[in-house]
There are 2 protein chains.
Amino acid sequence: MQKVPKYYKISTEIISSIRDGALKPGMRVPSENEIIKEYKVSNTTARKILQQIENAGWVTRVKGKGTFVRRANVERSVNKILGFTQNMQEAGYQPRTKLLDAREVFEGYGARLNGREYSMTGPVFKIHRLRFADSIPMMVEVRYIALSLCPDIKDFDFTASLYDMYEQEYGHQLTEINQVLSTTMIDSALGNFFDIRDPIPAFRVESATFCGKGMILEMEDSIYRGDKYRFSVRALPERSNAS
Amino acid sequence: MQKVPKYYKISTEIISSIRDGALKPGMRVPSENEIIKEYKVSNTTARKILQQIENAGWVTRVKGKGTFVRRANVERSVNKILGFTQNMQEAGYQPRTKLLDAREVFEGYGARLNGREYSMTGPVFKIHRLRFADSIPMMVEVRYIALSLCPDIKDFDFTASLYDMYEQEYGHQLTEINQVLSTTMIDSALGNFFDIRDPIPAFRVESATFCGKGMILEMEDSIYRGDKYRFSVRALPERSNAS
């Protein structure tokens, strides 16, 4: 068995107490001196431990005041094809999913994105889910899936990653997602999902996901809470941006 | 002189009355029959006129009710390098700029974007502007410009496009913009700029713009009103996304 370095073991331990809620957002984590005394390590190791926790994004250092647990915040890179599951895992959270509704919609679905009309002829399969980072509700999503491309979809586990299902079960390669971001408010009705009392601003993300030669595999209309999410995008000169 | 087609002349005329405010958002534009009578054109031409206005994004057709002037809305493609000026022109608006402040900041500027610290050593040049589409205030921007890359910048016209200035006056090629979008509220203080009384959600855009070999040319911290802007992003598989 490979030996796990001491600093790594201790930083993982402190991160665990943040994740399970023993250390809450805004609380101070042990200082360098406290770590030295409590874990009987050198000051180099203590410094490495705090650095590790900070690099992983769990805490912020405030000069002259100490190191504090950050509020859960997730960066989402919107010019990569990246599912919620993978996004949460990379941010160090356990993704969880609550299925709210799943059923066939005979009329199909359509939306205008970026000045163009996208439509899916019915029947499509509609999945409505609430998605969590550890125990924090992060986003509510509604996805409309082409039944012609995903037959028997109703037999799958809808609490898992749909992207994984498309690729592994149906062999579809995602080729592009056209997304439109707008702002909205999370108020009374949506607030219940998110366990939020006072209205907060949020992102609305509408999208069309393509596979193969420009076939619409799914369309989405989701709400990402604005107090937890930041979207990052790289812009490049037009020529390098072409696919 | 080339002859302008009739349908084009008339659709431009109707668009003008939307732009100058004679036809306001939510108002009905003339129906096919009204256009036939008023302009003495065929029903094919009348249909083409309405189609033209709709395609240009000025109106929405509501089945069985008529065609209505849309609220000014701008799509901004965030994975292209695209300045406000060009973005507005492409959307059919006249870009206007009000300079709020322009001065040297000796301390420099820095921000954490997408988990990385970006900083510009001082002095930098700070430009604070309010930017309009026709007469509608669309966004408030603060930009910090590297004086080492743009000497004598204080002599330029700050109501024009900075991107044009970088390229044409200084010969800088923009190579990449790292942007982070978050949500915020436009309330009392900012509301005055935008002429808005009730709070509305908005996008906050923070970015670092690079030229040449990874040099920071400018950093930005701007507020785009959420009732007017939608941001569009294409996501591609990782390999085609690399620059």
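The values are calculated or read from the model by the stated rules, or taken from the named source; none is laboratory data. This one's a predicted model, so the numbers in the text were calculated from it and none came from an experiment. With ideal geometry, Cβ positions are generated from the backbone for all residues, glycine too; neighbour counts draw on all protein chains shown.
Given (1) assigned to a helix (DSSP H, G or I); (2) touching a Gly at 6+ places or on another chain (Cβ under 9 Å); (3) not hydrophobic (A, V, I, L, M, F, W, C), where does B:ARG47 come up short, assuming only one miss?
Going through (1) assigned to a helix (DSSP H, G or I); (2) touching a Gly at 6+ places or on another chain (Cβ under 9 Å); (3) not hydrophobic (A, V, I, L, M, F, W, C) one by one, B:ARG47 breaks only (2).
Looking only at the range A:117-131, count every residue that is away from every other protein chain (no Cβ under 14 Å), surrounded by fewer than 18 Cβ atoms within 10 Å (Cβ to Cβ) and of a type outside the set (Gly, Ala, Ser) and tell me the total.
The qualifying residues number 5.
Do we have any residue at all in the range A:21-33 that's outside any loop (DSSP other than H, G, I, E, B), modelled with pLDDT of 85 or more and loosely packed, with under 13 Cβ neighbours inside 10 Å?
There is at least one residue in the range A:21-33 that is outside any loop (DSSP other than H, G, I, E, B), modelled with pLDDT of 85 or more and loosely packed, with under 13 Cβ neighbours inside 10 Å.
Check off (1) in contact with a helix residue (DSSP H, G or I) (Cβ under 9 Å, 6 or more places away or on another chain); (2) at the interface with another protein chain (Cβ under 7 Å from one of its Cβ atoms); (3) charged (D, E, K, R) for A:GLU238 and give me the number that stays unchecked.
Looking at each condition in turn, A:GLU238 falls short on (1).
Going by what's in this entry, would A:ASN87 be described as touching a residue at least 60 places away in the same chain (Cβ under 8 Å), of a type in the set (S, T, N, Q) and within 30 Å of A:ILE145 (Cα to Cα)?
Numbers: touching a residue at least 60 places away in the same chain (Cβ under 8 Å): no; of a type in the set (S, T, N, Q): yes; within 30 Å of A:ILE145 (Cα to Cα): yes.
No, not satisfied.
Please give the number of the condition B:ASP164 fails out of (1) part of a loop (DSSP other than H, G, I, E, B); (2) away from chain A (no Cβ under 14 Å); (3) in contact (Cβ under 8 Å) with a residue 12 or more places away in the chain; (4) of a type in the set (Asp, Glu).
Exception for B:ASP164: condition (1).
Go over the candidates A:ILE223, A:ILE177, A:ILE200, A:ILE186 one by one and state the one that is closer than 26 Å to B:GLU176 by Cα and either within 14 Å of chain B (Cβ to nearest Cβ) or surrounded by fewer than 16 Cβ atoms within 10 Å (Cβ to Cβ) (or both). Break it down into steps so the answer makes sense when it comes.
Numbers: A:ILE223 fails: closer than 26 Å to B:GLU176 by Cα; A:ILE200 fails: closer than 26 Å to B:GLU176 by Cα; A:ILE186 fails: closer than 26 Å to B:GLU176 by Cα.
The match here is A:ILE177.
Out of A:THR12, A:THR97, A:THR85, which single residue is assigned to a helix (DSSP H, G or I) and either surrounded by 19 or more Cβ atoms within 10 Å (Cβ to Cβ) or touching a Ser or Thr at 6+ places or on another chain (Cβ under 9 Å) (or both)? Before the answer, list the steps.
Numbers: A:THR12 fails: either surrounded by 19 or more Cβ atoms within 10 Å (Cβ to Cβ) or touching a Ser or Thr at 6+ places or on another chain (Cβ under 9 Å) (or both); A:THR97 fails: assigned to a helix (DSSP H, G or I).
Answer to the check: A:THR85.
Applying the selection to the range B:203-220, what residues are facing another protein chain (nearest Cβ under 8 Å) and touching a His at 6+ places or on another chain (Cβ under 6 Å)?
The answer is none; no residue qualifies.
Which of the residues belonging to the range B:185-212 are acidic (Asp, Glu) and under 18 Å from B:ARG143 (Cα atoms)?
First, pick out the residues of the range B:185-212 that are acidic (Asp, Glu): B:187, B:195, B:198, B:206.
Selection gives B:GLU206 alone.
Would you check if B:PHE193 is more than 10 Å from chain A (Cβ to nearest Cβ), within 18 Å of the chain's Cα centre (by Cα), surrounded by 14 or more Cβ atoms within 10 Å (Cβ to Cβ) and part of a helix (DSSP H, G or I)?
Numbers: more than 10 Å from chain A (Cβ to nearest Cβ): yes; within 18 Å of the chain's Cα centre (by Cα): yes; surrounded by 14 or more Cβ atoms within 10 Å (Cβ to Cβ): yes; part of a helix (DSSP H, G or I): yes.
Yes.
Within the range B:213-232, count every residue that is more than 15 Å from B:VAL142 (Cα to Cα), more than 15 Å from the chain's Cα centre (by Cα) and modelled with pLDDT of 90 or more. Talk me through it step by step, then tell me what you get.
Narrowing the range B:213-232 to residues more than 15 Å from B:VAL142 (Cα to Cα): B:213-216, B:226-232.
This time we only want the ones that are more than 15 Å from the chain's Cα centre (by Cα), so: B:213-216.
Add one more test, that the residue is modelled with pLDDT of 90 or more, and what stays is B:215-216.
Of the residues in that region, 2 qualify.
Output the number of the condition that B:ILE196 fails; it satisfies all remaining conditions of (1) under 28 Å from A:LEU113 (Cα atoms); (2) touching a residue at least 60 places away in the same chain (Cβ under 8 Å); (3) out of contact with any Gly (no Cβ under 8 Å at 6 or more places or on another chain).
Going through (1) under 28 Å from A:LEU113 (Cα atoms); (2) touching a residue at least 60 places away in the same chain (Cβ under 8 Å); (3) out of contact with any Gly (no Cβ under 8 Å at 6 or more places or on another chain) one by one, B:ILE196 breaks only (2).
Condition first: aliphatic (A, V, I, L, M), at pLDDT 95 or above and closer than 24 Å to A:TYR224 by Cα. Can you find one or more residues in the range A:106-116 that meet it? Give the derivation first.
Start the filter on the range A:106-116 by keeping residues that are aliphatic (A, V, I, L, M), which leaves A:111, A:113.
Cutting the leftovers down to at pLDDT 95 or above gives us none.
Checked the range A:106-116: no residue is aliphatic (A, V, I, L, M), at pLDDT 95 or above and closer than 24 Å to A:TYR224 by Cα.
For the range B:214-239, enumerate the residues that are in contact (Cβ under 8 Å) with a residue 24 or more places away in the chain and outside any strand (DSSP E or B).
The first filter runs over the range B:214-239 and keeps only residues in contact (Cβ under 8 Å) with a residue 24 or more places away in the chain, leaving B:214-234.
Within the range B:214-239, B:GLY214, B:GLY226, B:ASP227, B:LYS228 qualify.
Would you tally the residues in the range A:57-80 being hydroxyl-bearing (Ser, Thr, Tyr) and either at pLDDT below 85 or outside any strand (DSSP E or B) (or both)?
Step one: list which residues in the range A:57-80 are hydroxyl-bearing (Ser, Thr, Tyr), which gives A:60, A:67, A:77.
The next check asks that each one be either at pLDDT below 85 or outside any strand (DSSP E or B) (or both); those that pass are A:60.
Qualifying residue count, the range A:57-80: 1.
Can you tell me which residues in the range B:125-160 are assigned to a strand (DSSP E or B), closer than 14 Å to B:TYR109 by Cβ and either without any contact (Cβ under 8 Å) to a residue 40 or more places away in the chain or among the aromatic types (Phe, Trp, Tyr) (or both)?
Within the range B:125-160, B:PHE125, B:LYS126, B:ILE127, B:HIS128, B:TYR144 qualify.
Which residue is nearest to A:PHE132 (Cα to Cα), if the candidates are limited to the range A:58-82 and must be surrounded by fewer than 16 Cβ atoms within 10 Å (Cβ to Cβ) and in contact with an Asp or Glu (Cβ under 9 Å, 6 or more places away or on another chain)?
The selected residue is A:ASN73.
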